[in-house]
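Take a look at the structure set out below.
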Amino acid sequence: MRLESLKKLNPETSPEIDFSEMHSTGLEKYMYEALCNGINDSDVCPGFKLVNVASSADKNDIRLRPDLALVPSNVEDLMDYTIMEFFVETKLSDLADPFSDNQDTTLDHTSEKMTGDHAETLEQMISYATALLSRQHRIFAFSIALYGQYARFFRWDRAGCIVSDLFNFLEEPDILADFFWRYAHLTREGRGFDPTVVPASTAEAKLFSDALSRYIQESKPRDVSYLQPKPDATYPISKMRVPTPNGIWELIVGKPFWDADSPGQSTRAYAAYDMVEKKIVFAKDSWRDENEDILSEAEIYETLKQSNVPFLPEIIAAGDVYMKAKEKVHQKTLTQRWSVNNGKTPIWQLPCAELRTLVHCRVVQELAYPLMSALSSKEVVQAIRDAIEAIKAAYHGAKIFHRDISTGNIMISKSGRGILNDWDHALKVNLRNTPQAYRTGTWQFISILLLRNPMKGHCVHDDLESSFWVLLYVSLHYFPHNLGPTFNVRFFDECSEEQDIGAEDGQTRELGGNGKMGFLWDQLKHVEWQCAPLNKLVHAVGKLFNKYQLSHPSRNDEDDEDAEARFKAIQEKLEQVDVVLSLFDTALASDEWPENDAVPDQFPLKTKKQEDQMIHDLKSRAIATAALERQAAASQRAPPTRSAIPGVRSSARLVQQRNDQQDLAPEAGPSRLPMSSRSTVKRTLDDVPAELPVFRSKRAKTAPERRPLKRAPKPPAPERPVVEHRYPTRSKSNGSRRGNSLKKPQEADVEMQDVRRGNPSRSRTKSKSKSTRHVQATAREKSTEEKQQTRRKGKQPAKSTAGNGSRPLPKSSTRRRK
């Protein structure tokens, strides 16, 4: 943004300000004080004040905090994103500026090439802007960055960020002062706030909290802990208006139970209180791509409804949000306007993805239960089966792909049936099957072919395969099977970056699918679920998609002329969807489904620190149990049970588990699972002793007859070797070394046993450690005591015939030689 437009509106009325005191400060905290005093004392921003939030009190325990913030003048000086107008980030030097105004060097300042302080500064700015936009209902927001005596202005919205030229605020203080003056005289909408959202009253907030508490009670025994009935101080309770063809729908919302962690589409999901129907509903607030070829989510639902697609959510209200309802002006992003100049990308724009116009939209529907809240395996299978039927009807009837099948988008209704939710990524069927502008979906559930080739056109086979990965993910996490807690389920997350050969600027693209293919190829056949119908279904569907992947022409020889024909035959079979539905219907018809067989998550997400601690505990327990079993084997006692050490598995089970994991390791084949996917198991079991005793005896039904033990004859003791023992002593007078003291054979044996047992108090080392000095002192005391006893008897102590510097003979050898 050029600064020619930032001239004073009225030089006679806008106040002057002097920032010269900031230049003389040597620390950032002094810059805070000088800037706050300059803004607040001059009344350049009436109605607001600039406060230091980097060191201010924080009632909400927010660790992500900028340096300064502009807040209303009638509030306390607290760090609170809910009341923040914009933030100011300060750096002591202009070298911390991550941008360049030189058009020739702009291309070298991409976020991917930034390192050190530049990357850290930009990441800080992005994180602060994301937190501000997520905790307030805003269309855009401003911020300021100070680099020494220079400054820049920023304007953030969901499409990106506009950055101004760098200017010297010491030489041109009127630019910075005029910005504060203009901001203070803007309307609430002009400062970036959404005019369709206003703070809720105390009575309205109580209605929302009471209704949400009732809903949570009525949902038991399902787990809906993601809903919070008590207000969260970090998110204000607000009243939101949603446009409908029949008028405006009013809702009360609090903290979203799902929030995007970055700008962009910025989807936020709420449990909202419907002011009209007086009940809890689901509200989604997001920013969609404005494209004539892409239907809005409201239009998608209308098209699906006209085609009689089953198992859809019940829509209450949906539409784009107006800036001004009377003028029919929608809320849109503006950053993309600065990325084009007469139809061409200007040279001053930082290289990035193509900027698109985003439109603010909202959808209100009946609140359903998440798939992970299912009480039984049959309920999960029923919900996924219903979602597959919706995929079939949408493809054959409405010619629409869903493109984002995931655990979060397959829901369960109050009647226990499935719901296919969240159609905002849906597209009309492309008959030419040309690549879309970008690949979309939830990474863990995207099909293997799409993960390997992002430019592949989407088809119904990809949605069907994503349904299988949802079934496998939920089955592994929430239903009993034969895999232990060390099994690596990270093949869902496997991802690698490879350079895009077709890209001119050397950009990389994310690829995956090898982990999933390896699991289908080698590991799935070893997994057994306790629920028999679920076990048969997962293996049957997995076998079908494994055959589909192996038949792909890229996995067959180029000389195989029938490969393409075989692949097309399987594609046509899957395209009808009935082959997959029949497998689900057969499984659901079984009478062997257990009730309430869901268990807590068996592979909960862990941080790196938690994972390392888990591996350390497994190793420690394995070593401790192995030691007890060795002691039991040595004394011919029964091995210790699990009750001997609470929470400890026997080494036999660990060894067996290691063998099982080795059996699960993929062998050489078309797609081998990378070693990184088994790193957790390998690190856990590598340090367990390989020769642990394995106790395979089973207790007999009747007590066996006791028989006397027949022990083998004890072998003769080997001849004891001659061992040299030198314990140099020092004279008390001058501390000089003198001859090596001679030890008795019995004392030498005891000392050698102590050395073998690792007794630190009696083992010898070359270093002058505390234990060595203790041994030397003990040797001197014994030598002195022997001399005194010899003098009492009137005898001279025996002398070594070998002399100093050679091996002394033991006393027993001396007697034999006499």
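Since every read-out is calculated from the coordinates, none of them should be taken as a lab result. Owing to the predicted nature of the structure, the values given are computational and were not obtained by experimental measurement. All Cβ positions, glycine included, derive from the backbone under ideal geometry; neighbour counts span all protein chains shown.
So how much slack lies between residue 203 and residue 182, counting 0.36 nm per residue of separation and subtracting their Cα-Cα distance, in nm?
Length difference between fully extended and current span is 4.0 nm.
Taking the Cβ of each residue in 384, 623, 315 as the centre, tally the other Cβ atoms inside 10 Å and list the residues starting with the fewest.
Least to most surrounded, the residues fall as 623, 315, 384.
Out of residues 5 or more away from residue 427 or on other chains, whose amide H comes under 5 Å of its own, with H placed 1.01 Å from N in the peptide plane?
401
Tell me, in nm to one decimal, what length is gained between residue 258 and residue 33 on full extension, where the rule is 0.36 nm per residue of separation less the Cα-Cα distance?
My answer for the length gained is 77.2 nm.
Relative to the present Cα-Cα distance, how much length would full extension add between residue 117 and residue 490 at 0.36 nm per residue of separation?
Contour length minus Cα-Cα distance gives 131.0 nm.
Could you give the nm distance between label points at residue 289 and residue 330, where each point is 7 Å from its Cα heading toward the beta carbon?
About 1.4 nm, to one decimal.
From the cross-link list 255/516; 49/278; 328/399; 239/392; 284/392; 255/428, which pairs have alpha carbons spaced over 29 Å apart?
255/516; 49/278; 328/399; 239/392; 255/428
As a footprinting exposure proxy, order 395, 183 by other Cβ within 10 Å, with the fewest listed first.
Fewest to most other Cβ atoms nearby, the residues stand as 183, 395.
Fewest first, what order do 244, 90, 187 take by the number of other Cβ atoms within 10 Å? Write out the running numbers ahead of the final one.
Details: 244 16, 90 21, 187 8.
Result, fewest neighbours first: 187, 244, 90.
What FRET efficiency would be calculated for the residue pair residue 539, residue 440, taking the C-beta separation as r and a Förster radius of 30 Å, to the nearest 0.05?
It comes out at approximately 0.50.
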